[in-house]
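These notes concern the structure reproduced below.
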Amino acid sequence: MINTILMKYLLGIISLLLITGCERTSNKESVTYFGGQIVNPKSNFVLFLKDNKVIDTITLDKNNHFLTEYKSLKEGLYTFKHGIEFQYIYFEPSDSILVRLNSWDFDESMVFSGRGSSKNEFLLNLFLRNEHEDKLMRQFFSLNETEFSQKIETLTKQKEALFLDFKNNNENVSEGFTKLTNAAINYPLYRWKEIYPFYHKKLNQLSKISKISDSFYEFRKHINLNEENLLSFYPYRNYVTNYLYHISYKIKEEDSLRDNLTVNMLNLIVQNVNIEEFRNSLLKNIVVDEFLKRQSTCSINKETLNVFLKNCSNEEYKNEVQNLVNDSKYVLNNKPIKDFTIKSYDDRELSVKNIIENHKSVIYFWSSNYMDAEYLLKEIRYFEKRYPNILFIGVNMQSDLYNLSNSTNIGLIDYQKQFKLPENSYARKYLTSNYPRTIMVDEKGIVTNGFTHLDSKKFNSELIKLERK
């Protein structure tokens, strides 16, 4: 009932604005409205973006509602972001779209209403279906090439049938929305085909990757690595990254002199991606991902760094990566950890050395810009249960504990293990990149891993080493 009343209230406002705005616009320009409500907000604003660039910051009112208008908004894909969560919204001129969601269950709780809502409901349902299929598809990687292709074809036809039904029930479906929907249908499935050989090898415990027929990748003939209208569209970007990985791996296998997978990927980007902003973004993301997630102790290969710095034209990205490299040299393995100050929830200044004294410890620095508090708490609780002899303490680099204190897991937070980082703390010297960082220390205060990451593929093995030390 509350949801219905809210939507009718907001729709009433929009209708009034549209009526009163007719004389002003005199059909010379269209006005598009975007509004809604955030239940359990994680901040007091939402961001509205186009092609990964913020075009508006919209403040929530005291009831967590928001409503704004845009004159002559171009048709296309936009992004609506709150906290670190986001969702796509497709706008056409004169749309009046309302969205309601609960930040604790972002995508699943999202409801659209208003003019233009039907296409966004369809798009959201398609995204949720793709996420569900992601979990199901893993069981099919053991199939042979022909059987796997048949599964992909079946899924494609099912989604195409859903879109055909949508078009039959909605007039004037635009060419732009049709193109976007086709991308949303196909690119997640294309991605599964790109990674199929690697998972097939792993699940079937093969000594090498099976030979795949050329027809399996027939769809590549229609792939454009410079699709301007899809640059901010995650399914497209995700496909491009996996395609680059696959080709880079083949290069590595066929040429012993080109055995650095990351360097191969960077060179492929330089050779094939012509849109400067997209090229820079891919270069940075691949280097940062390599740094944070693939090594036991985070580092960047010298050749990788040189290729990146030589070919990236975005100075901000270059500084970001260089800061990561510099940060990684500040805390050395097998050396005593230098003391630094932290603040408790009640703003008492403390020494980290006193807190971790005589404990095998994991100090994880985090920021809500890169990690959702809900996800963080779940991860830490898992690690604490699995490694009860290791002390896990969290340090918020933003000196802002708002995101934790508004968590759905508020009753499960151990405030004795959560801290803020003062601006004058010594630790700031090696957090210049602002990326999350984790330091492991043994009970004698000796660093066993000076820079690792909670999402690193080697994180569990590093914890085992610390526990057994």
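Every number in this text was worked out from the coordinates using simple rules, so none of it is lab data. Given the structure is predicted, the values throughout are model-derived calculations rather than measurements. Here Cβ is always computed from backbone atoms with ideal geometry, including for glycine, and neighbour counts include all displayed protein chains.
Key figures for this structure:
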item	result
Rounded to 5, the percent of DSSP beta bridges in the stretch 341-468 classed as antiparallel	55
Extension gain from Tyr234 to Asn314, taking 0.36 nm per residue of separation minus the Cα-Cα distance	26.7 nm
Range of Cα positions in the stretch 341-468 per principal axis (Å), largest first	36, 31, 26
At R0 = 45 Å, FRET efficiency that the Cβ-Cβ distance of Glu153 and Lys335 yields, to 0.05	0.20
Kirkwood Rh, Cα atoms: Rg over Rh of the stretch 133-219	1.08
Taking Glu315, Glu133, Glu374 and counting other C-beta atoms within 10 Å, the order from fewest to most	Glu315, Glu133, Glu374
Order by protection proxy (mean Cβ within 10 Å, highest first), peptides 36-45, 157-166	36-45, 157-166
At least 18 Å along the helix axis (C-alpha) and Kyte average at least -0.5, DSSP helices within the chain	2-25, 276-293
Normalised contact order of the chain, rounded percent, pairs of Cα under 8 Å and 6 or more residues apart	11
Least to most buried among Tyr33, Tyr382 (fewest other Cβ within 10 Å first)	Tyr382, Tyr33
Debye log10 I(q)/I(0) for the stretch 77-227, one point scatterer per Cα, at q = 0.15 Å⁻¹	-0.90
Projected-area average for the stretch 333-405 over all orientations - Cα convex hull basis, square nanometres	5.7
Surface/4 estimate of mean projected area, convex hull on alpha-carbon atoms of the chain, nm²	26.0
Estimated FRET transfer efficiency when R0 is 22 angstrom, pair Ile446-Ser296 (beta carbons, to 0.05)	0.85
Ranked list, fewest to most other Cβ atoms within 10 Å of each Cβ, for Leu231, Leu98	Leu231, Leu98
Dipole of the chain [Lys/Arg +1, Asp/Glu -1 at C-beta], most positive-end residue of Leu463, Leu268, Gly176	Leu463
Semi-axis lengths, Å, the stretch 169-244, gyration tensor of Cα atoms, sqrt of 5 times eigenvalues	30, 13, 11
Share of alpha-carbon pairs per 10 Å distance bin for the stretch 242-373, given as whole %	10, 32, 28, 17, 11, 2
Percent of beta bridges antiparallel (DSSP, the chain, rounded to nearest 5)	70
Centroid-to-centroid separation of the stretch 333-373 and the stretch 221-237 [C-alpha atoms, Å]	41
Cα-projected label distance for Leu143 with Lys353, points at 7 Å along beta-carbon direction, nm	6.1
